[in-house]
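The values are calculated or read from the model by the stated rules, or taken from the named source; none is laboratory data. Since we're looking at a predicted model, the values are computed, not measured. Every residue, glycine as well, gets a Cβ built from its backbone with ideal geometry; the counts of neighbours run over all protein chains shown. The protein model used for the area step is the full one, side chains on, heavy atoms only, and it has no ligands, DNA or RNA in it. Shrake-Rupley method; radii C 1.70, N 1.55, O 1.52, S 1.80 Å.
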Amino acid sequence: MPKGKQRKVEEEESTRTGTPKIDLISSLPDSLLCHILLFLPTRCAMATSILALEGSSIFAQRKAPHVKKLRLACVIPRGINQCITRVSCFERPCVFDCLRWIVDLPSLKNLELDLNYVDPDFVLLGCPALENLELILQESFPLNASQPPEIHMPDSLKRLTLMQDIFGEDINDIEDLVIDTPLLEYLSIKLWARCLQVSISDYPNMVEAHLDIDQDQELVGWVLQLLKALRQTKLLDLRLSTMKCLLRAPAFELPEFSRLHNLELQIPYFNSGYLIKLLHNCHMLQVLTLHNREKFSTVEPEEPNCWTLPMKDPDCVISHLKIFEFNGYQDSADEYAFVAYLLERGPILKTLKIYAHRNLGLKYKHCIRQALSTIPRSSKTCKLKVAIGYIWYNLSPSLFSLRVLP
């Protein structure tokens, strides 16, 4: 007989005979129940403990030395005055009272933590061996705005993603953000909350960094400090909000990125002088990608061309730069001069792609193509590609071909 059917028959027999059902397990002392749960896999132990949610804190006392990966979504339902943690590392999420749940995960390596009203240190301080962390701050974080939260990243981290899902004027401050993680290899930060105090270490093992950070001018100092700490990275992606912070910051010395191979920038406006200065500090750069987010204007600019030929060519331009991609090209005098400079001075340049701004007329875009095709090139193998509408024009010094974009 199947187990489910046998259990149903037994329940009907117990009801018919009037025999009372005795719950012997629940009558055991908590210390013994904890000892029993230690022999179960975490998934089974958590599913078992949910049966005693109302009056027991069995799982709250349980250590989980063997847990390697966990996903937590911390929320607080409306009308409830205490924090609730939903643990979703199994099929049916179980809910536990945070005030009774003591996190102790000494072997945990991977954690995805989705926060809404919950102090992240409540979880992070119990994960001393954590290597990969994805921390998402929701719109209601933190619960008590009068006491700004502190976020302390475990120093064992190798990969960190810190994201904020909301932005606006009502974002609460973060009192203390500690990223003292010298083993870090990957970093992605998307943050608009004001960070009143930030502690940062050097990251000698950094491979890839993505920064989307917006801070007031008086707090931009820690962003500059972070940029300096990332000087060993191989890939650096600076989004629009970060570039705005850097451009409006007081004069500062750009760090030297001695190992940087790939640089991607979203710029609020084109500034060839700033770019040349940055290239001087990226000696090994091979790939440069620009996204010009400047608002398109049909009015002819009154300012003169601010292009100035560098007295000394950046090392990366003459010895390492292979790929240059320009998105949002508006054909200003400064932009044209910069593109021409790379074509004329880049002896190992292999590919130069230009995406003309979408608001430029088709006829004007053809003029751009013709003008760029006449620029002499230092590299004999350089392919100049200009996108006009849905057509790519592959331009060589003597001829050009075209193909339709997918």
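Before moving on, here are some points about what is shown:
- Checked against (1) open to solvent by 10 Å² or more (accessible area, probe 1.4 Å); (2) more than 17 Å from the chain's Cα centre (by Cα), residue 266 meets all criteria but (2).
- Among the residues of region 170-197, the one identified as touching a helix residue (DSSP H, G or I) at 6+ places or on another chain (Cβ under 7 Å) and surrounded by 18 or more Cβ atoms within 10 Å (Cβ to Cβ) is 195.
- Which numbered condition residue 370 fails, given (1) assigned to a helix (DSSP H, G or I); (2) of a type outside the set (Lys, Arg); (3) closer than 20 Å to residue 294 by Cα: (3)
- So residue 220, is it open to solvent by 50 Å² or more (accessible area, probe 1.4 Å) and of a type in the set (Val, Ile, Thr): no
- Residue 270 being at pLDDT below 90 and in contact with a strand residue (DSSP E or B) (Cβ under 9 Å, 6 or more places away or on another chain): no
- Of all residues in region 220-243, none are more than 25 Å from residue 279 (Cα to Cα) and in a loop (DSSP other than H, G, I, E, B).
- Restricting attention to region 292-318, the residues that are modelled with pLDDT of 95 or more and either within 27 Å of the chain's Cα centre (by Cα) or open to solvent by less than 50 Å² (accessible area, probe 1.4 Å) (or both) total 4.
- Of all residues in region 91-126, those being at pLDDT below 50 and among the charged types (D, E, K, R) number 4.
- Residue in region 152-161 that is modelled with pLDDT under 95, in a strand (DSSP E or B) and crowded, with 16+ Cβ neighbours inside 10 Å present: no
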